[in-house]
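S.K.: Below: one structure in structure tokens.
The values are calculated or read from the model by the stated rules, or taken from the named source; none is laboratory data. Please read all numbers here as calculations on a predicted model, not as lab measurements. Ideal geometry is used to build each Cβ from the backbone, glycine not excepted, and the neighbour counts take in all protein chains shown. Areas reflect the complete protein model, heavy atoms only, side chains present, ligands, DNA and RNA absent. Shrake-Rupley method; radii C 1.70, N 1.55, O 1.52, S 1.80 Å.
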Amino acid sequence: MKKFLVIAPYQYLPYFSGGQKSIAQFLDYLGKETDLTVVSVPGNDASLVKTYKLLPWLKSSSIRRYADLSLASKLTSLARMEKFDAIIWEHPYYAWLASIVKKRTAIKTIVHIHNIEYQRFRSTGKWWWWIMKQYEKWFFNKADQILFVSPDDKRFAIRQWKIPENKCVEVAFGVEIRQFPADKDQSRQTLKSQHSIGGGDKLLLFNGLLDYKPNLDALMIILNEINPLLLKHEGFRYKIIICGKRLPAELNQLRNYSDKNIIYAGFVDDIETYFKGADVFLNPVQSGGGIKTKMVESIALGTTVITTRTGATGICQNICGNKLIVVPDNDWNLFAKAIVDNINNQEVTPPAYYEHYYWGNIVSKVIVS
């Protein structure tokens, strides 16, 4: 059994966002197949860890965390003592530290890329994106291997930054199910009962961490662009359910939209019931990088996704069948039409989708690479 050390530089247990969930499930499945140690922050709930050893060595403060010079000696000593086969660094932020540890130990250095970070920062208006670009590219060249969540990011690294293709491995954001769910109708009835929704109404869903700018922007597009168009479709009965925590206070729990077919559910413990119960998942995302994890889950749970072209970045469209409908960015008339046209799509998710996105298959790529 191989031995891995993973550096996960922020809280991910319990998880509330797609990024946190991605790391949590990736580590859980990796720990089932390897002897795994994870170094992370003290804020994680250690009682949720089942398959690996968790060391809370990183500082709670983000500024102190990334500038903690003592980590170089701590991690070097740990790596030498445990004789790990490889160290996986989640995200490129610790590139400086990875370089030191690699130089001292010669242990294989792997970076796990969830987004091309400089592109995400540029799209959200961060002025220092160009500094991240140079730093990130430097780490790509230093690393022995790069794990890409998004095939688009992998192609970018190979074509634009000339990273050797044999260093690049695609390891998608995964799902825990291996076949089309059998309880979609039951989930739909559960949601309608829970939210007092009429039997003939179709269910549209949006989910995300709502203080994250790309998600908040998408929510405002739903409220101010897409929903007004849907309201004009005579005879189209529907409700839009919005899930997610940290909704800005000025939106007043979306009470001003309650008479416009909008239901704000807040953070829900069982988001899978919502994914399975919805007729359509809405993804009008216009910025941010990497794969949208909620789309991957929606399709796995049998729900049709209507997305912008930007929102579809990173997903393997050729294995989605008709469960993924891609609309040009900013064309909200076409987006609304796609919702109405696909609201009764009963097609099942192709088996190839589960083969590609099942977590067990994904981590096997890491172990054998």
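S.K.: For the chain, which longest stretch is free of loop sites, where a loop site is one of the trypsin sites (Lys or Arg not before Pro) that DSSP puts outside H, G, I, E and B and that has at most 14 other Cβ atoms within 10 Å? Could the numbers behind the result be given before it?
M.R.: Working: sites that count: Lys2, Lys50, Lys83, Lys126, Lys162, Arg178, Lys232, Arg237, Lys245, Arg309.
The answer is 246-308.
S.K.: In degrees from 0 to 90, rounded to the nearest 10, what is the angle of the helix 95-105 Cα long axis to the longest principal axis of the chain?
M.R.: Around 40 degrees separate the two axes.
S.K.: Could you calculate the contour length gain from Asn141 to Asp329, that is, 0.36 nm times the residue separation minus the distance between their Cα atoms, to one decimal place in nm?
M.R.: Details: separation 188, 0.36 × 188 = 67.68 nm, distance 3.31 nm.
Difference between extended and current length: 64.4 nm.
S.K.: Under a 5 Å amide H to amide H cut-off, with H placed in plane at 1.01 Å, what residues pair with Ile116 once short-range neighbours are removed?
M.R.: Answer set, sorted by chain and number: Gly290.
S.K.: Return, for the Cα atoms of the stretch 228-326, the radius of gyration and Dmax in Å, separated by a comma.
M.R.: Reported Rg and Dmax, both Å: 14.4, 41.
S.K.: Full extension from Glu347 to Ser99: what is 0.36 nm times the residue separation minus their Cα-Cα distance, to one decimal in nm?
M.R.: Result for the pair: 84.4 nm of gain on full extension.
S.K.: With viscosity set to 1.306 mPa s and temperature to 10 °C, compute the Stokes-Einstein D of the stretch 1-152, Rh being the Kirkwood radius across alpha carbon pairs; µm²/s, no decimals. Mind dumping the intermediate values first?
M.R.: Values: Rh = 15.9 Å.
Here the translational diffusion coefficient equals 100 µm²/s.
S.K.: How high is the relative contact order of the chain, given as a whole-number percent (alpha carbon pairs under 8 Å, six or more residues apart)? If you can, show how the numbers build up before the last one.
M.R.: Working: 658 pairs, mean separation 57.8, N = 369.
Relative CO of the chain lands at 16 percent.
S.K.: Put Met220, Met1, Met132 in order of accessible area, largest first, 1.4 Å probe: what do you get?
M.R.: Working: Met220 55, Met1 170, Met132 20 Å².
Reading off the accessible areas and sorting them downward yields Met1, Met220, Met132.
S.K.: Can you give me the accessible area per residue for the stretch 117-167, using a 1.4 Å probe, in Å²? Before the final figure, lay out the partial values.
M.R.: Working: 2800 Å² over 51 residues.
Value for the stretch 117-167: 55 Å² per residue.
S.K.: Classify the stretch 105-155 as rounded, prolate or oblate from the Cα gyration tensor: take a ≥ b ≥ c as the square roots of its eigenvalues, call it rounded if a/c is under 1.5, otherwise prolate when a/b beats b/c and oblate if not. Mind dumping the intermediate values first?
M.R.: Working: a/c = 3.05, a/b = 1.60, b/c = 1.91.
Judged from the Cα gyration tensor, the stretch 105-155 comes out oblate (a/c at least 1.5, b/c at or above a/b).
S.K.: Here is a further query. Could you tell me how many degrees, from 0 to 90 and to the nearest 10, lie between the Cα long axis of helix 184-194 and the main elongation axis, the longest principal axis, of the Cα atoms of the chain?
M.R.: 70
S.K.: Do the sum for the chain: with -39,500 (n - 2.57) for every DSSP H run of n ≥ 4, divided by all residues, what is the mean residue ellipticity at 222 nm, to the nearest 500 deg cm²/dmol? All intermediate terms of the calculation are to be shown ahead of the outcome.
M.R.: On the way: 15 runs with 143 residues, N = 369.
Calculated mean residue ellipticity at 222 nm is -11000 deg cm²/dmol.
S.K.: Now, a different point. Could you state the angle between the C-alpha long axis of helix 151-160 and the longest principal axis of the C-alpha atoms of the chain, as a value from 0 to 90 degrees rounded to the nearest 10?
M.R.: The answer is roughly 50 degrees.
S.K.: Moving on to the next point. What span do the alpha-carbon atoms of the chain cover on each of the three principal axes, reported in whole Å from largest to smallest?
M.R.: 68, 43, 38
S.K.: Here's another thing I want to ask about it. Sum up the charges of everything whose Cβ sits under 9 Å from the Cβ of Pro9, counting Lys and Arg as +1 and Asp and Glu as -1, but leave Pro9 out.
M.R.: Working: positive: Arg65; negative: Glu90.
Taking every Cβ under 9 Å from that of Pro9, the sum is 0.
S.K.: When the scattering of the stretch 87-228 is computed by the Debye formula from its Cα atoms alone, each counted once and equally, what is log10 I(q)/I(0) at q = 0.08, 0.10, 0.19 Å⁻¹?
M.R.: -0.38, -0.55, -1.13
S.K.: Say each of Lys2 and Ala67 gets a label point 7 Å from the Cα, pointing the same way as Cα to Cβ; how far apart are those two points in nm?
M.R.: 3.6
S.K.: Here's another thing I want to ask about it. So how long is each side of the stretch 302-369 along the principal axes, counting just the alpha-carbon atoms, biggest first, in Å?
M.R.: The Cα atoms of the stretch 302-369 stretch 47, 25, 14 Å along their principal axes.
S.K.: Residue by residue through the stretch 292-304, what is 3J(HN,Hα) from phi via Karplus (6.51 cos²θ - 1.76 cosθ + 1.60, θ = phi - 60°)? Round to whole Hz and write x for glycine and proline.
M.R.: 8, 4, 5, 5, 4, 5, 4, 5, 4, 8, x, 9, 5
S.K.: Per 10 Å bin from zero, what fraction in whole % of the C-alpha pairs of the stretch 137-295 is there, up to the bin with the longest pair?
M.R.: Here the calculated profile for the stretch 137-295 is 9, 32, 28, 18, 10, 2.
S.K.: Would you please give the residues with an amide H less than 5 Å from that of Tyr264, counting only those at least 5 places away or on a separate chain, with H modeled from the backbone geometry?
M.R.: Long-range HN contacts for Tyr264: Ile242.
S.K.: Still on this model: Over the stretch 182-322, with the other protein chains present, what is the accessible area per residue in square angstrom, probe 1.4 angstrom? Don't skip to the end; give the middle numbers.
M.R.: Details: 5650 Å² over 141 residues.
It amounts to 40 Å² per residue over the stretch 182-322.
S.K.: A further question on this structure: With a 1.4 Å probe and all protein chains left in place, how much of the accessible area of the chain comes from carbon and sulfur atoms, in whole percent?
M.R.: 49
S.K.: Using just the alpha carbons, could you tell me how many Å³ per residue the convex hull of the stretch 1-84 encloses? It would help to have the intermediate numbers written out before the result.
M.R.: Numbers: hull volume 6.7 nm³, N = 84.
Dividing the Cα hull volume of the stretch 1-84 by its residues yields 80 Å³.
S.K.: Out of residues 5 or more away from Tyr10 or on other chains, whose amide H comes under 5 Å of its own, with H placed 1.01 Å from N in the peptide plane?
M.R.: Val41
S.K.: Something else: Pop out the ³J(HN,Hα) list for the stretch 276-285 in order, Karplus 6.51 cos²θ - 1.76 cosθ + 1.60 with θ = phi - 60°, rounded to Hz; leave Gly and Pro as x.
M.R.: Once rounded to whole Hz, the list reads 6, x, 6, 7, 9, 9, 9, 9, x, 6.
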